[in-house]
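What follows is a short report on a single structure.
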Amino acid sequence: MNSRDFTSRGQSSQPLSPASSLPDVDCVIVNHDGGASLFAAVLSIRSQTDVDLSIVVVDNASRPEERERLAAEAPNVRIVSFSRNLGFAAAANEGIARTRAPFVLLVNNDAVISPDYAARLAARLALDDRLAAVQGVVLERSGERVDTAGLEWNDRGEAVPVLAGVDASAIPRAVFEVTGVSATAALYRRDALTDVAPHGRVFDDRFFAYYEDVDLSLRLARAGWRFACEPHAVARHEGSRTGRRTPFRRAVWTARNRWRTLFANFSRRLLAQSLPALLRADLAHARRLGVPGVMLPLLVWPWIPFLALGQRREAGLLRRWPSVGPIPPRIPAAAAGS
């Protein structure tokens, strides 16, 4: 079986489960002044079909009027409010800790998911107990191109979105394996999260934002779990609102968290051998920032030796960049139906 092929399992002859046996899913949304995008996200989640779903919104010190509006318009949504911005990682941990369902759906506050999104992902997790998490194809806001279909690694030691920029009409039609999932809109198996976070802190709180889902995917992969993309589950993503407002801060967080992820999950030998390429990745991001980018290496690189000195000699550190088999042919929808 192709390592990315998740479609060859035998079909069950058992009758369909009764309506009372719908998959049990808890959804966690982390919010900070999401505005209209938040309410569109919540509406799409409340519109999910064929799942028994509850919603928790963890609010990171948004404007009071936004929380009041959410309580009025979505009274069945549980709101957990904090007086300061905890960041995505810590806030997501707070939300997950307040849920109990066997499946945990994370959705960004600027993402909208199709009505069958959660049900399709839950069915995939139920079908294959090797999977820690699965996501659908997340399109850009326009719906014309792919934002992410999962995570993969390049030779500069960066986790990058699978199929990013690919025309939406040319996405694969079959489920395929990926090396990790983006927390933009992903469904996690609670047992897998418990496996790598027995004390309940699923994401590393220190990350604040960016790369926390990459680190989680690596920890799960090191524990033997796998990931998949279900292309028939579709979402749309506006893109990082905070990142657009503060691109330099986003770049610094991303660079620092990438190095933290590398030292936490990869062997010293691989990092030493790849050091020139790893540094070139930071320089490439610095150039995209223009003049302010000059500060990026100055703020990030002095921190690297301390990470290296603090690296724990854990068993199971990865000795190569994660990879899986080839993605199935990207067949345009029109051709697939002919």
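The values are calculated or read from the model by the stated rules, or taken from the named source; none is laboratory data. From a predicted model like this one, the values you see are computed outputs, not experimental measurements. Ideal geometry is used to build each Cβ from the backbone, glycine not excepted, and the neighbour counts take in all protein chains shown. We work out accessible area using only protein heavy atoms, side chains counted, and drop any ligands, DNA or RNA first. Shrake-Rupley method; radii C 1.70, N 1.55, O 1.52, S 1.80 Å.
When GLU158 is tested against the conditions (1) open to solvent by 20 Å² or more (accessible area, probe 1.4 Å); (2) more than 15 Å from ASP24 (Cα to Cα); (3) among the acidic types (Asp, Glu), the lone failure is (1).
Considering only residues of the range 90-104 that are in contact (Cβ under 8 Å) with a residue 40 or more places away in the chain and within 17 Å of GLY34 (Cβ to Cβ), which is surrounded by the most Cβ atoms within 10 Å (Cβ to Cβ)? Write out each step before concluding.
So in the range 90-104, the residues in contact (Cβ under 8 Å) with a residue 40 or more places away in the chain come out as 90-93, 95-104.
Narrowing further to those that are within 17 Å of GLY34 (Cβ to Cβ): 91-92, 95.
Details: ALA91: 26, ALA92: 24, GLY95: 22.
The residue in question is ALA91.
Going residue by residue through the range 249-264, is there one that turns out to be farther than 22 Å from ARG201 by Cβ, at pLDDT 95 or above and touching a strand residue (DSSP E or B) at 6+ places or on another chain (Cβ under 9 Å)? The answer is no; no qualifying residue exists.
Pairs linking a residue in the range 34-47 that is open to solvent by 30 Å² or more (accessible area, probe 1.4 Å) to a residue that is among the aliphatic types (A, V, I, L, M), with Cβ atoms under 6 Å and 6 or more positions apart or on different chains, are ALA40/VAL112.
Mind listing just one residue for me: the one in the range 1-29 that is more than 10 Å from ASP110 (Cα to Cα) and crowded, with 17+ Cβ neighbours inside 10 Å and, of those, modelled with the lowest pLDDT? Spell out how you get there, then give the answer.
Restricting attention to the range 1-29, the residues satisfying the condition of being more than 10 Å from ASP110 (Cα to Cα) are 1-28.
So of that shortlist, the ones also crowded, with 17+ Cβ neighbours inside 10 Å come out as 4, 6, 23, 25-28.
Values: ARG4: 55, PHE6: 52, PRO23: 96, VAL25: 98, ASP26: 98, CYS27: 98, VAL28: 98.
Selected residue: PHE6.
Look at the range 265-275 and say how many of its residues are over 19 Å from ASP204 (Cβ atoms) and either part of a helix (DSSP H, G or I) or among the β-branched types (Val, Ile, Thr) (or both). So the answer is 6.
This table checks each residue for (1) open to solvent by 50 Å² or more (accessible area, probe 1.4 Å); (2) of a type outside the set (Phe, Trp, Tyr); (3) in contact with a helix residue (DSSP H, G or I) (Cβ under 8 Å, 6 or more places away or on another chain); (4) free of Cβ contacts under 8 Å to residues at least 60 places away in the same chain.
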| site | (1), (2), (3), (4) |
| --- | --- |
| ALA251 | no, yes, yes, yes |
| ARG256 | yes, yes, yes, yes |
| LEU262 | no, yes, yes, no |
| ARG269 | yes, yes, no, yes |
| LEU278 | no, yes, yes, no |
| LEU283 | yes, yes, yes, yes |
| VAL294 | yes, yes, yes, yes |
